[in-house]
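The values are calculated or read from the model by the stated rules, or taken from the named source; none is laboratory data. None of these values were measured; they are calculated from a predicted model. Positions of Cβ are backbone-derived with ideal geometry, glycine not excepted, and every protein chain shown enters the neighbour counts.
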Amino acid sequence: MPYAARTDVPIARTSLEISSLLDKHKASSVATFRSAAGASIVFEMNDRRIRFDLPLEISSDKRADQINRSRWRALLLCIKAKLESVESGIETFEESFLAHVVMPDGKSVHEHVGPGIASAYRGEPLRPLLSPPKARSS
């Protein structure tokens, strides 16, 4: 059974709890973006921009609403656990949030490196970071 599968906490309240948690930990520029298909929580902390993307069920039936409330609660738990891990010294901020760091091009670190990791585990060679040096003509 998914986390908080029976929660009756409204999404708006969970969103507010996430914002309050981030405020408590001195995040800046906190924003929540919502659409029918998903939501994003974006904030800045430790000189990094962090983004969590949350897929949502599009249907407006009770089942979909319950799934979405559960996912919002799970996102709150995820962010809270990461912040606690950093605060407790288990890992650094970078280690905890690395996949969600937003690079200057707007893509997350995961979006940049995820496909390469998947390829490596399938046995496919990674593309070189740099082109090999060209031979000099004599």
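If you go through the stretch 57-78 and pick out every residue that is acidic (Asp, Glu) and part of a helix (DSSP H, G or I), you end up with 1. Going by the structure shown, is Ile50 in a strand (DSSP E or B), of a type outside the set (Ser, Thr, Tyr) and at pLDDT 95 or above? So Ile50 fits the description; yes. Candidates in the stretch 8-67 are the residues that are hydroxyl-bearing (Ser, Thr, Tyr) and touching a Ser or Thr at 6+ places or on another chain (Cβ under 9 Å); of these, the one that is nearest to Val101 (Cα to Cα) is Ser40. In the stretch 31-53, of all residues being of a type in the set (A, V, I, L, M) and surrounded by fewer than 17 Cβ atoms within 10 Å (Cβ to Cβ), the one that is nearest to Leu83 (Cα to Cα) corresponds to Ala31. Which condition number does Ser108 fail, the rest of (1) of a type outside the set (A, V, I, L, M, F, W, C); (2) over 30 Å from Leu129 (Cα atoms); (3) touching a helix residue (DSSP H, G or I) at 6+ places or on another chain (Cβ under 8 Å) being met? For Ser108, the failing item is (2). Contact map, the stretch 89-118: residues that are within 19 Å of Glu44 (Cβ to Cβ) and modelled with pLDDT of 95 or more paired with residues that are among the β-branched types (Val, Ile, Thr) and part of a helix (DSSP H, G or I), Cβ distance under 6 Å, separation 6+ or inter-chain. Pairs shown: Phe93/Val86; Ser96/Val86; Leu98/Val109; Ala99/Val109; Val101/Val109. Scanning the stretch 79-90 for residues that are part of a helix (DSSP H, G or I) and polar (S, T, N, Q) yields a single hit, Ser85.
Residues in the stretch 105-113: is at least one in contact with a strand residue (DSSP E or B) (Cβ under 8 Å, 6 or more places away or on another chain), surrounded by 15 or more Cβ atoms within 10 Å (Cβ to Cβ) and in a strand (DSSP E or B)? Within the stretch 105-113 (the criterion being in contact with a strand residue (DSSP E or B) (Cβ under 8 Å, 6 or more places away or on another chain), surrounded by 15 or more Cβ atoms within 10 Å (Cβ to Cβ) and in a strand (DSSP E or B)), the answer is yes, since at least one residue qualifies.
Quick check on Gly116: is it small (Gly, Ala, Ser), within 19 Å of Thr32 (Cβ to Cβ) and surrounded by fewer than 16 Cβ atoms within 10 Å (Cβ to Cβ)? No, not satisfied. Going by the conditions given, is Lys134 surrounded by 12 or more Cβ atoms within 10 Å (Cβ to Cβ) and on the phi < 0 side of the Ramachandran plot? For Lys134, the condition - surrounded by 12 or more Cβ atoms within 10 Å (Cβ to Cβ) and on the phi < 0 side of the Ramachandran plot - is not met.
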